[in-house]
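See below for the structure under consideration.
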Amino acid sequence: MKVLKFLLPFLLLSLQFFAQNKSKPINLLDNNLGYWYKWIGVPHTSVTGLPAGTPMGDGMKGTPLGLNDPKNVFSVIALNGEKVLRASGEIYGGLTTKKEYENYHLHLQYKWGTKKWAPRLTLPRDMGIMFHLTGTNEDAFWSVFMMGIECQISENTSGDLFLVPNKTFKIFPFAEARIGEDLRWDINAPLRQVGRTGNPRRSENFESDSTKWTTMDLYTIGGTAVYLVNGHVVMAFQNAVLQQPDKTTTPLTKGKIQLQSEGAEGYYKNITIQSITDIPDDIKKAAGLDLPHTWKLGVALYTFHNFSFPEAVAKVDTAGLQYLEGFPFQKAGAAFKDSLIMNLSPDGLEKLYQFVTKAGFKMESIYIFGGNDVASWKKQFDIAKQLHVKFVTAEPPLNMLDAVDSLAGVYGIKVAIHNHWKGMGVYWHPDSVLAALKNHPNFGVCADIGHWPKSGINPVDGLKKLAGHIISLHFKDIAEYNNPKLQDVPAGKGLIDFPAVFKELQRQKFDGYIYIERDAEDKPSNLASLTEIVKYYNDKLGLSQQRKKPFYAK
């Protein structure tokens, strides 16, 4: 015991040393490029001095040189007494890390040389930092730049965001960024999905003169990243994912790093990487990542249940929102001969999904009602699967809980238990919801905060009881407690203390969906009240909707 007490201070010091050493920046630039491997693309027909018979092309399409670098596209040299990495630019190429990295701060400096090469002789000088790279070099864009995310380095555009697909354009990265109507990153803009079309631009130009060094910093935690140019935040995004051909997505949180050679001579130096557990608070604040309004605000389409699906979506668009919660007994529209969504064929459901996606919306949940047998629930899950939703909102009968939970597991679709009021549904009290969640790992909660007061329950108390289980909210207001016959009113017009509601959600670190819903039917529609609620959400609660219109709609 005495020996242990004697050694304990030294053990603690050793642990502290290793903990500190783990977060110490690593210099990635050594003389033999030991952290990297070269991958060289297709030589342009103007390149000279290559071995006889070397396949050539337009610099993009053709056979890449691969691991061979006969022109020394990447080399470590001394420049004004400093060790630097030279990217000649003569052939497109990627200097790629041998290992994957996640949760790090990457730092480097760059400046331009004097030479330019085809096919970019008349274009601005261009390089770049690519990261979270996945796939293979053979499947890379232009046979050289791997699939993933790019922090652009280019004259007057350093800090732009590129989301680079694979060679066949069948797999695409997507992310969410605060992008204004001019495609520039803006901390005050709503979150928008970006990827596939359009390249979000950095906020401002903070680059040094082309003959001087510009400092670039990249901070990334999971699917979130921030770009800095000479110490200024110019781009930030979150929720990066890869979308597969079947429309399923997987988080994009780590991968290899690649430095580009792309038609212009340039130099990199002071290349370091440091493991981090979070982005520094001051940078998060400057990037808008600490803002409380990153929730996914949308509309439960029951709000417009007397209208067809396309008509309802058009009204949501007018209100400037992006997220939708559908329901299967709505008419699909004239293009589907006004068939109910629940009666559409698999081909019809896919066309409906394509309509939603191409218009720039996200329908990531749908309300389903099932029945008292497995077959009825399986049919509803089939519809949900074909619409590519992430979860369904439902009120399964108590005798079906095990079966519905099993189906949710098989389909890979969560079930959010929804509450009506006392006398209308069995889940009117938060305790009954908690009982349903027990031993059902595929269940969560859709908290309808406008229904709870009808049963005498304060919404804040209900949220506290269900903390950690809430997937989504139905956002509505009510004029008094304990009156189940009363219809809802627009948020802010009733008695619910919404500042307290959202403070509680922030305390829980809720990051889900908030669906505006109206049960009452205004004439000619609920559009006016929907717009009023969005304004209340923005102005009175100090939050923000997610977009103003379909951003990449064609």
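The values are calculated or read from the model by the stated rules, or taken from the named source; none is laboratory data. All of these numbers come straight from a predicted model, not from anything done at the bench. Note that each Cβ is placed from the backbone with ideal geometry, even for glycine, and that neighbours are counted across all protein chains shown.
If you go through the stretch 70-128 one residue at a time, how many are touching a strand residue (DSSP E or B) at 6+ places or on another chain (Cβ under 7 Å) and acidic (Asp, Glu)?
Count: 3.
I need the full set of residues from the stretch 465-487 which are out of contact with any Pro (no Cβ under 6 Å at 6 or more places or on another chain) and surrounded by fewer than 16 Cβ atoms within 10 Å (Cβ to Cβ), in order please.
Ala467, Gly468, Ala479, Glu480, Asn482, Asn483, Pro484, Lys485, Gln487
Please indicate, with yes or no, whether at least one residue in the stretch 258-268 is under 30 Å from Ser75 (Cβ atoms) and either hydrophobic (A, V, I, L, M, F, W, C) or at pLDDT below 95 (or both).
Within the stretch 258-268, one or more residues are under 30 Å from Ser75 (Cβ atoms) and either hydrophobic (A, V, I, L, M, F, W, C) or at pLDDT below 95 (or both).
Evaluate the stretch 439-457: report whether one residue or more is of a type in the set (A, V, I, L, M), out of contact with any His (no Cβ under 7 Å at 6 or more places or on another chain), surrounded by fewer than 16 Cβ atoms within 10 Å (Cβ to Cβ) and without any contact (Cβ under 8 Å) to a residue 40 or more places away in the chain.
no
When the residues of the stretch 326-352 are narrowed to those that are closer than 28 Å to His474 by Cα and among the acidic types (Asp, Glu), which ends up surrounded by the fewest Cβ atoms within 10 Å (Cβ to Cβ)?
Filtering first and then ranking leaves Asp338.
I'd like the full set of residues that are in contact with a His (Cβ under 9 Å, 6 or more places away or on another chain) and surrounded by 14 or more Cβ atoms within 10 Å (Cβ to Cβ), limited to the stretch 277-286.
Listed by number, the residues that qualify are Ile279, Ala286.
Can you tell which of Ile366, Ile383 is over 19 Å from His440 (Cα atoms) and part of a helix (DSSP H, G or I)?
Among Ile366, Ile383, only Ile383 is over 19 Å from His440 (Cα atoms) and part of a helix (DSSP H, G or I).
Take the residues of the stretch 121-156 that are buried (at least 24 other Cβ atoms within 10 Å of the Cβ) and in a loop (DSSP other than H, G, I, E, B): which is farthest from the chain's Cα centre (by Cα)?
Among those residues, the one meeting the criterion is Val144.
With respect to Val501, determine if the residue is without any contact (Cβ under 8 Å) to a residue 40 or more places away in the chain, aliphatic (A, V, I, L, M), surrounded by 14 or more Cβ atoms within 10 Å (Cβ to Cβ) and in contact with a strand residue (DSSP E or B) (Cβ under 9 Å, 6 or more places away or on another chain).
The answer is no for Val501.
May I ask you to list the residues in the stretch 500-526 that are assigned to a helix (DSSP H, G or I) and under 24 Å from Ala189 (Cβ atoms)?
Passing the criteria: Phe502, Leu505, Gln506.
Being of a type in the set (Val, Ile, Thr), under 21 Å from Lys523 (Cα atoms) and part of a strand (DSSP E or B): is that true of Val299 here?
In short, yes.
Yes/no matrix, rows are residues, columns are (1) at pLDDT 95 or above; (2) surrounded by 11 or more Cβ atoms within 10 Å (Cβ to Cβ):
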site: Asn21; (1), (2): no, no
site: Trp36; (1), (2): yes, yes
site: Met60; (1), (2): no, yes
site: Lys71; (1), (2): yes, yes
site: Ala87; (1), (2): yes, yes
site: Asn103; (1), (2): yes, yes
site: Leu106; (1), (2): yes, yes
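Are there any pairs, at least 6 apart or on different chains, whose C-beta atoms fall under 8 Å, with the first in the stretch 218-238 and touching a residue at least 24 places away in the same chain (Cβ under 8 Å) and not assigned by TED's automatic domain parsing to the domain that holds Leu252 and the second surrounded by fewer than 21 Cβ atoms within 10 Å (Cβ to Cβ) and in a strand (DSSP E or B), and if so, which?
none
Quick one: how many residues across the stretch 397-437 are within 26 Å of the chain's Cα centre (by Cα), more than 14 Å from Ile471 (Cβ to Cβ) and not hydrophobic (A, V, I, L, M, F, W, C)?
Summing the residues that are within 26 Å of the chain's Cα centre (by Cα), more than 14 Å from Ile471 (Cβ to Cβ) and not hydrophobic (A, V, I, L, M, F, W, C) in the stretch 397-437 gives 3.
State yes or no: is Lys296 surrounded by 18 or more Cβ atoms within 10 Å (Cβ to Cβ), within 24 Å of the chain's Cα centre (by Cα) and free of Cβ contacts under 8 Å to residues at least 60 places away in the same chain?
It is false that Lys296 is surrounded by 18 or more Cβ atoms within 10 Å (Cβ to Cβ), within 24 Å of the chain's Cα centre (by Cα) and free of Cβ contacts under 8 Å to residues at least 60 places away in the same chain.
If I filter the stretch 197-207 for residues that are touching a residue at least 60 places away in the same chain (Cβ under 8 Å) and charged (D, E, K, R), do I get at least one hit?
Scanning the stretch 197-207, I find no residue that is touching a residue at least 60 places away in the same chain (Cβ under 8 Å) and charged (D, E, K, R), so the answer is no.
Scan the stretch 314-356 for residues that are touching a residue at least 24 places away in the same chain (Cβ under 8 Å), over 19 Å from Ile368 (Cβ atoms) and assigned to a helix (DSSP H, G or I) and report the count.
7
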